[in-house]
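In what follows, a structure is listed as structure tokens, so that the remarks can point back to it.
The values are calculated or read from the model by the stated rules, or taken from the named source; none is laboratory data. Note that the structure is predicted; figures quoted are calculated from it, not measured. Positions of Cβ are generated from backbone atoms using ideal geometry, with glycine treated the same way; all protein chains shown enter the neighbour counts. Just so you know, the surface numbers come from the protein's heavy atoms only, side chains and all, with ligands and any DNA or RNA stripped out. Shrake-Rupley method; radii C 1.70, N 1.55, O 1.52, S 1.80 Å.
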Amino acid sequence: MTELTQDFTQSLFENYNSNAKFGAIENAVTKNGLLNALENRESHAANLPVFSVDLTNDPVSNQKQSGRCWMFAALNTFRHKMLTEFKLENFELSQAYTFFWDKYEKSNWFLEQIIGTSELELGDRKLKFLLDVPQQDGGQWDMVVALFQKYGVVPKDVYPESISSSASNQLDQYLNKILRQDAQILRELIKNGGDVAAKKAELLQEIFNYLAMTLGLPPQKFDFAYRDKDNNFNKVEEVTPQAFYDKFVNLNLDEYVSVINAPTADKPYNKSYTVEFLGNVIGARDVRHLNVDMDRFKKLAIAQMQAGETVWFGCDVGQESNRTDGLLTMDAYDFSAMDIDFTQDKASRLDYSESLMTHAMVLTGVDLDDAGQSVKWKVENSWGDKVGKKGYFTASDAWMDEYTYQIVVRKEFLSEAELAAYEAEPVTLLPWDPMGALA
């Protein structure tokens, strides 16, 4: 190993001081902050929020201090359909309701994984992976589908936000504390030959009680009344969340598939993949992705939007992101002024843990040139209307190429070969693969 000597460090001082540009940038960055000082004004003019395909300008939702982007994005796609079909105004589906059942199901999922790995030693990496984060707010498309199919949906007014759904840190902290303790109880019970099923039922009652007291007891039936934009009064009484989904959302979610772009050597294109330990509802379909090249990936998203339907998608939103102005562009900031050049490609960023899927949003528009090629994309976020253009962002086509990893599209847009590849036995990826849950 090479020690950092005083002579070497002195040479760094001298090299820095010999470049007057560095001093000017030092003053700008220390006064204004790194990204404010390096912001590239030209990226604004090149990415004006005008799109040839533009499906909605509905008010955006706000996940606040929680990691529920994946369920917000899914519920937003439903909301667009309902606003149009039923002529609703200022309407949202309850994200907190889906959140409750996700926490409940993830707790059961975790306990089942603990039972299934009881032969592993405590130092085993896979067991440590489970214990490090027994559950979290993040998830995947197939996981939210499992919740909708089992528990339905309800209007936000029926099951509103709580402090713990809007700011989930304390809820998660103590739920994970309970689950780690439960893991110890079950592992020791298995070792001693005890009644695991009975004990697990007892532990789940405690978890259910905790969630109900923290988030509120979810409704089993409710009334729903509304006036549409034509001032017509409508009402349904004593409806279950599942029946409400069937009447007001009425989408066959089995017709939607997850498509990814992961150009790494371990994930050949036109094959399907799943991720070990990734899920929430025992008995539901596995998380599954079809990997395709980026050109095909974008064509599928465009086809669905041209058919009039928005697109759930997953990306690494923090990369090259101007949150204030709602810009996702490769030239948002000019690091060349600091003589820094980021040269890793998409595959290398995935391989070296520089990038992964971190956030789900909704594609609600795209700007196409005369040849039908995408130029920029309209993105509905779930961070409220104080960021971007009333909550909407613009992503350049180059940014989409580099930092978007997942879309959800209807099966009808896939070729026969792609559908066969999706339905084939998937390759199982390690639990910590970057194509896993969205945080």
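Of the conditions (1) over 18 Å from Glu92 (Cβ atoms); (2) open to solvent by 20 Å² or more (accessible area, probe 1.4 Å), Arg227 satisfies every one except a single condition; which number is it?
The failed condition is (1).
From the list Glu14, Glu26, which residue is over 26 Å from the mean Cα position of the chain (by Cα) and open to solvent by less than 90 Å² (accessible area, probe 1.4 Å)?
Matching residue, one of Glu14, Glu26: Glu26.
How do the pairs read when you match residues in segment 342-358 that are within 23 Å of Cys69 (Cα to Cα) and without any contact (Cβ under 8 Å) to a residue 60 or more places away in the chain with residues anywhere that are part of a helix (DSSP H, G or I) and open to solvent by less than 80 Å² (accessible area, probe 1.4 Å), using Cβ under 9 Å and keeping only pairs 6 or more apart or on different chains?
From segment 342-358, the pairs are Arg349/Glu402; Arg349/Tyr403; Glu354/Ser348.
Would you check if Lys81 is in contact with a Ser or Thr (Cβ under 9 Å, 6 or more places away or on another chain), surrounded by fewer than 18 Cβ atoms within 10 Å (Cβ to Cβ), among the basic types (Lys, Arg) and in contact (Cβ under 8 Å) with a residue 24 or more places away in the chain?
Yes: the conditions hold for Lys81.
With the requirement that a residue be within 19 Å of Glu425 (Cβ to Cβ) and in a loop (DSSP other than H, G, I, E, B), what does segment 267-282 give you?
Listed by number, the residues that qualify are Lys267, Pro268, Tyr269, Asn270, Glu276, Phe277, Leu278, Gly279.
Scan segment 377-395 and tell me whether some residue there is in contact with a helix residue (DSSP H, G or I) (Cβ under 7 Å, 6 or more places away or on another chain) and not small (Gly, Ala, Ser).
Yes: one or more hits.
Given (1) touching a residue at least 40 places away in the same chain (Cβ under 8 Å); (2) assigned to a helix (DSSP H, G or I); (3) among the acidic types (Asp, Glu), identify the lone condition not met by Asp230.
(2)
What's the number of the only condition in (1) over 26 Å from Glu39 (Cα atoms); (2) surrounded by 15 or more Cβ atoms within 10 Å (Cβ to Cβ); (3) under 21 Å from the mean Cα position of the chain (by Cα); (4) not polar (S, T, N, Q) that Asp293 fails to meet?
The number of the failed condition is (2).
Residue by residue through segment 21-55, note down the ones that are charged (D, E, K, R) and not in a loop (DSSP other than H, G, I, E, B).
Lys21, Glu26, Lys31, Glu39, Glu42, Asp54
Got a sec? Which helices (runs of 4 or more DSSP H) wholly within segment 84-197 have at least 3 residues that are open to solvent by 70 Å² or more (accessible area, probe 1.4 Å) and modelled with pLDDT of 95 or more?
The qualifying helices (runs of 4 or more DSSP H) are 125-132, 169-191.
Using the structure shown, decide if Lys299 is in a loop (DSSP other than H, G, I, E, B) and surrounded by fewer than 22 Cβ atoms within 10 Å (Cβ to Cβ).
No; evaluated as a whole, the condition is false for this residue.
Determine the pairs where a residue that is under 30 Å from Asp132 (Cβ atoms), located within segment 411-433, has a partner that is open to solvent by 50 Å² or more (accessible area, probe 1.4 Å) and assigned to a strand (DSSP E or B) with Cβ atoms under 9 Å apart, the partner being 6 or more residues away or on another chain.
These pairs meet every condition: Pro426/Lys271; Val427/Lys271.
Evaluate segment 331-348: report whether one residue or more is among the hydrophobic types (A, V, I, L, M, F, W, C) and more than 27 Å from Ala37 (Cα to Cα).
Yes, segment 331-348 has at least one match.
Quick check on my filter: what residues within segment 333-363 are under 18 Å from Ser396 (Cα atoms) and either among the charged types (D, E, K, R) or at pLDDT below 95 (or both)?
Residues satisfying the conditions are Asp334, Asp345, Lys346.
Results for (1) touching a residue at least 60 places away in the same chain (Cβ under 8 Å); (2) among the hydrophobic types (A, V, I, L, M, F, W, C); (3) within 21 Å of Glu188 (Cβ to Cβ), shown as yes or no for each residue.
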| site | (1), (2), (3) |
| --- | --- |
| Trp101 | yes, yes, no |
| Phe110 | yes, yes, yes |
| Gly123 | no, no, yes |
| Pro134 | no, no, yes |
| Leu147 | yes, yes, no |
| Tyr151 | yes, no, no |
| Ser162 | yes, no, no |
| Asn176 | no, no, yes |
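Using the structure shown, decide if Leu419 is within 30 Å of Ser61 (Cβ to Cβ) and out of contact with any Ser or Thr (no Cβ under 9 Å at 6 or more places or on another chain).
Here the answer is no, as Leu419 does not meet what is asked.
One residue is enough: does segment 325-341 have a residue meeting the conditions over 23 Å from Ser52 (Cβ atoms) and in contact with a Cys (Cβ under 8 Å, 6 or more places away or on another chain)?
No, the conditions are met nowhere in segment 325-341.
If the Cβ limit is 7 Å and pairs must be 6+ apart or interchain, which residue in segment 53-74 that is surrounded by 19 or more Cβ atoms within 10 Å (Cβ to Cβ) and of a type in the set (D, E, K, R) pairs with which residue that is part of a loop (DSSP other than H, G, I, E, B) and modelled with pLDDT of 95 or more?
Close Cβ pairs satisfying both conditions: Arg68/Asp137.
Against the definition (open to solvent by 20 Å² or more (accessible area, probe 1.4 Å), out of contact with any Cys (no Cβ under 7 Å at 6 or more places or on another chain), at pLDDT below 95 and outside any helix (DSSP H, G or I)), how does Lys235 come out, yes or no?
Taking the combined requirement at face value, the residue does not satisfy it.
Of (1) among the charged types (D, E, K, R); (2) touching an Asp or Glu at 6+ places or on another chain (Cβ under 7 Å); (3) assigned to a loop (DSSP other than H, G, I, E, B), Arg79 satisfies all except one. Which?
The one condition Arg79 does not meet is (3).
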